[in-house]
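Participant: Questions regarding the structure given below will be posed in turn.
The values are calculated or read from the model by the stated rules, or taken from the named source; none is laboratory data. For clarity, every value in this text was computed on a predicted model and none was experimentally measured. Heads up, the Cβs are rebuilt from the backbone with ideal geometry, glycines too, and the neighbour counts pull from every protein chain shown. Note: accessible area is taken over every heavy atom of the protein model, side chains too, but ligands, DNA and RNA are not part of it. Shrake-Rupley method; radii C 1.70, N 1.55, O 1.52, S 1.80 Å.
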Amino acid sequence: MDSKLLFADAATIATPVLVVFAIDTQSEKDSDARPLLLGASSALEEAARTLLASGEFKAALGEIAVLHAPAALKTERLMLVGLGKANDGSADTLRKGAGAAVRAAKARAVRELAIVFPRPARPDDLKFADALAARAIAEGAEIGELDWDTYRSERKERSVETLTIIADEAARTEVERGFEAGRIVAAAQNFARALVNEPGNVLTPTELGRRAKAMCDVAGLRCEVYSSQKIQELEMGAFWAVAKGSAEPPALIVMAYEPANAAADGPVLGLVGKGITFDTGGISIKPADGMEKMKYDMAGAAAMIGAMHAIARLKPAVKVISVVCSAENMPDGRAYKPGDVVTAMSGKTIEVVNTDAEGRLVLSDGLHYAKTLGCTHLINAATLTGAVSIALGQLNFGVFSNDDAACEQFMRGLAVSGEKGWRLPCIDDYRDHIKSEIADIMNTGKNRYGGAISGAMFLKEFAGETPWVHLDIAGLAWNERPKPWLAYGPSGVGVRSIIEWVRSFEAKTTADSRG
Ligand code: BES
Ligand code: ZN
Ligand code: ZN
């Protein structure tokens, strides 16, 4: 999709569809209040007046109404897109609204649309800055545009080709800034989604390495992709234990962003991703039902590769190194077995109780390796446990940390990224979950209670004293039910928040004005 900004009066724009956002202003006090259009001139207000007065359109989040041949406007159709209640309004409702507009246009085979940039009609209607609004719209539109029909032989070509955001000249600087950032972030998220969408027979660890390298070459990042030999040389016994059961060689992918303007003694951020390109469970094999989904067990890796893509373009003044541990988890004559004891790169011994808890094994070596590369702060993303969805459902990813300040810094970024994460405990009271009778630790909890916490406790052993944040994205990486603003399939969750966390290390501005 080609998206651009235009500073003009929306009433004069000739386009197939002109989109205006609306908020629901009904309250207990005033249950007859009609939706309020955001950023609309009097000509636009007039065109929508009869429809709004009818009460048919409630402006619920994602609700759409289309008016054909609106009077006194140059557009062929006027599309009203609901954002929900004004006081629920965060910039994320704009992200969703823009996505819903694009998807509604696609469904109507419309190739071109224009969105009226929302300005508050009353001071309390919108609580976010113009840059953040522009960014959210750019992101939502690009993210909403994609559908996953790559593997259909007869694809319906329904892409929206051109999107124009029409804004007021007075907001130009802020809108341009947010719009540019939004496009970069959305491209990164879509890149991650495309990786997650690939089936396991196409996206092997080697292929994931190839795609990361190709991205880095274009983006100007340093990238090394290693395989079995290097993993064994580094004595990554945990990573290797998982990898050795597959005929597909593993990939250890290291990407580095080292800007000249980063302070020599400044932080070095480590982004570590779980890249299991297919998780059968290994010898502790998974049930057949739903196993096909386990191609998305590399969504954490994809999030990190996507984030690096954006970081290379946003150019924050902070060093970032990403380590992706990619392998297939397979049952085989050479596969690791329940009961095996393996030695991780850090020297810790691990009793393998269940070969399906493989993510924490590859990550344990990834986290330790990132520290040896000089990382001072760590973040990892992983589809680590089914248990995290039992705890949090499919709305929030799990956030775990060994450091309150690092965690709060991450959580503050959620207001900008619009993603939802919920912190769960990762305190030493739970250490007992991973206590082994025969080795330093074991790779599953003693029982199934608090399974997401057991996984986090295991990883914490390898973060050690380094401030670390762990994102368990298993419940959100695959969107099971299509939403008005998001297609079925890979969501690209994590990418935006990880980028925001990286930016927070250099940002002097407040979260609210960051675009
Ligand atoms: N890849 C799975 C976790 C997962 C489950 C991701 C559902 C996405 C959707 C992970 O490797 C796994 O199998 N975890 C086990 C851990 C258990 C054996 C301690 C689980 O969640 O059952
Ligand atoms: Zn598993
Ligand atoms: Zn897994």
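Participant: Which of the residues spanning segment 262-279 are open to solvent by less than 10 Å² (accessible area, probe 1.4 Å) and either more than 11 Å from ligand 3 (Cβ to nearest atom) or of a type outside the set (Asp, Glu) (or both)?
Facilitator: First, pick out the residues of segment 262-279 that are open to solvent by less than 10 Å² (accessible area, probe 1.4 Å): 269-277, 279.
If the condition is that a residue be open to solvent by less than 10 Å² (accessible area, probe 1.4 Å) and either more than 11 Å from ligand 3 (Cβ to nearest atom) or of a type outside the set (Asp, Glu) (or both), then 269, 270, 271, 272, 273, 274, 275, 276, 277 are the ones that fit.
Participant: For segment 448-477, enumerate the residues that are open to solvent by 10 Å² or more (accessible area, probe 1.4 Å) and polar (S, T, N, Q).
Facilitator: Correct list: 466 only.
Participant: Here's something else I'd like to know. Which residue pairs have Cβ atoms under 6 Å apart, sit 6 or more places apart or on different chains, and have a first residue in segment 140-162 that is within 13 Å of residue 2 (Cα to Cα) and a second that is loosely packed, with under 14 Cβ neighbours inside 10 Å?
Facilitator: Partner pairs satisfying both residue conditions: 162/2.
Participant: Could you list, in sequence order, the residues of segment 212-223 that are buried (at least 19 other Cβ atoms within 10 Å of the Cβ) and over 15 Å from residue 373 (Cβ atoms)?
Facilitator: 212, 215, 216
Participant: Output the number of residues of segment 3-25 satisfying the condition of being surrounded by fewer than 17 Cβ atoms within 10 Å (Cβ to Cβ) and out of contact with any Ser or Thr (no Cβ under 8 Å at 6 or more places or on another chain).
Facilitator: 3
Participant: Consider residue 284 against the criteria (1) away from ligand 2 (no atom under 16 Å from the Cβ); (2) touching a Pro at 6+ places or on another chain (Cβ under 7 Å): it satisfies all of them except one. Which criterion is unmet?
Facilitator: Just one mismatch for residue 284, condition (1).
Participant: Same structure, new question: Residues of segment 233-250 being open to solvent by less than 10 Å² (accessible area, probe 1.4 Å) and within 16 Å of ligand 3 (Cβ to nearest atom), which ones? Outline the logic, then answer.
Facilitator: Of the residues in segment 233-250, the ones open to solvent by less than 10 Å² (accessible area, probe 1.4 Å) are 236, 238-239, 241-243, 245, 250.
Matches in segment 233-250: 238, 239, 241, 242, 243, 245, 250.
Here's the yes/no breakdown for (1) under 19 Å from the mean Cα position of the chain (by Cα); (2) open to solvent by 40 Å² or more (accessible area, probe 1.4 Å); (3) away from ligand 1 (no atom under 16 Å from the Cβ):
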{"site": "344", "(1), (2), (3)": "no, no, yes"}
{"site": "348", "(1), (2), (3)": "no, yes, yes"}
{"site": "375", "(1), (2), (3)": "no, no, yes"}
{"site": "399", "(1), (2), (3)": "yes, no, yes"}
{"site": "414", "(1), (2), (3)": "yes, no, yes"}
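Participant: Quick one: which residue in 414, 395 is among the aliphatic types (A, V, I, L, M) and assigned to a loop (DSSP other than H, G, I, E, B)?
Facilitator: None of the others qualify; the one that does is 395.
Participant: Ok, one more. Search segment 54-78 for residues being in contact (Cβ under 8 Å) with a residue 60 or more places away in the chain, open to solvent by less than 40 Å² (accessible area, probe 1.4 Å) and more than 19 Å from residue 487 (Cβ to Cβ), and hand back the single one that is nearest to the chain's Cα centre (by Cα).
Facilitator: Among those residues, the one meeting the criterion is 78.
Participant: While we're on this one: Take segment 352-372 and flag every residue that is near ligand 1 (Cβ under 9 Å from one of its atoms) and either of a type in the set (Gly, Ala, Ser) or in contact with a Pro (Cβ under 9 Å, 6 or more places away or on another chain) (or both).
Facilitator: 353, 354, 355, 357, 359, listed by residue number.
Participant: Something else about it: With respect to the numbered conditions (1) surrounded by 24 or more Cβ atoms within 10 Å (Cβ to Cβ); (2) without any contact (Cβ under 8 Å) to a residue 60 or more places away in the chain, which one is the sole condition not fulfilled by residue 135?
Facilitator: The number of the failed condition is (2).
Participant: Assuming residue 390 fulfils every condition listed in (1) part of a loop (DSSP other than H, G, I, E, B); (2) among the aliphatic types (A, V, I, L, M); (3) open to solvent by 80 Å² or more (accessible area, probe 1.4 Å) apart from one, which condition is it?
Facilitator: Just one mismatch for residue 390, condition (1).
Participant: Quick one: which residue in 327, 307, 302, 312 is within 16 Å of ligand 1 (Cβ to nearest atom), touching a strand residue (DSSP E or B) at 6+ places or on another chain (Cβ under 8 Å), modelled with pLDDT of 95 or more and part of a helix (DSSP H, G or I)? Working first, answer last.
Facilitator: Working: 327 fails: part of a helix (DSSP H, G or I); 307 fails: within 16 Å of ligand 1 (Cβ to nearest atom); 312 fails: within 16 Å of ligand 1 (Cβ to nearest atom).
Just one listed residue meets the conditions, 302.
Participant: Related question: Open to solvent by less than 30 Å² (accessible area, probe 1.4 Å) and not in a loop (DSSP other than H, G, I, E, B): which single residue out of 294, 255 fits that description?
Facilitator: Result of the check over 294, 255: 255.
Participant: Scanning for something under 15 Å from residue 420 (Cα atoms) and among the aromatic types (Phe, Trp, Tyr), does segment 364-371 turn up at least one residue?
Facilitator: no
Participant: (1) surrounded by fewer than 22 Cβ atoms within 10 Å (Cβ to Cβ); (2) among the aromatic types (Phe, Trp, Tyr); (3) within 16 Å of ligand 3 (Cβ to nearest atom): which one isn't true of residue 226, the others all being true?
Facilitator: It fails just one condition, (3).
Participant: Considering every residue within segment 182-205, establish whether at least one is modelled with pLDDT of 95 or more, farther than 26 Å from residue 482 by Cα and touching an Asp or Glu at 6+ places or on another chain (Cβ under 7 Å).
Facilitator: yes
Participant: Please work out if residue 496 is under 21 Å from residue 424 (Cα atoms), basic (Lys, Arg) and either at pLDDT below 95 or not in a loop (DSSP other than H, G, I, E, B) (or both).
Facilitator: So residue 496 fits the description; yes.
Participant: I need the full set of residues from segment 26-37 which are open to solvent by 50 Å² or more (accessible area, probe 1.4 Å) and not in a loop (DSSP other than H, G, I, E, B), in order please.
Facilitator: If the condition is that a residue be open to solvent by 50 Å² or more (accessible area, probe 1.4 Å) and not in a loop (DSSP other than H, G, I, E, B), then no residue fits.
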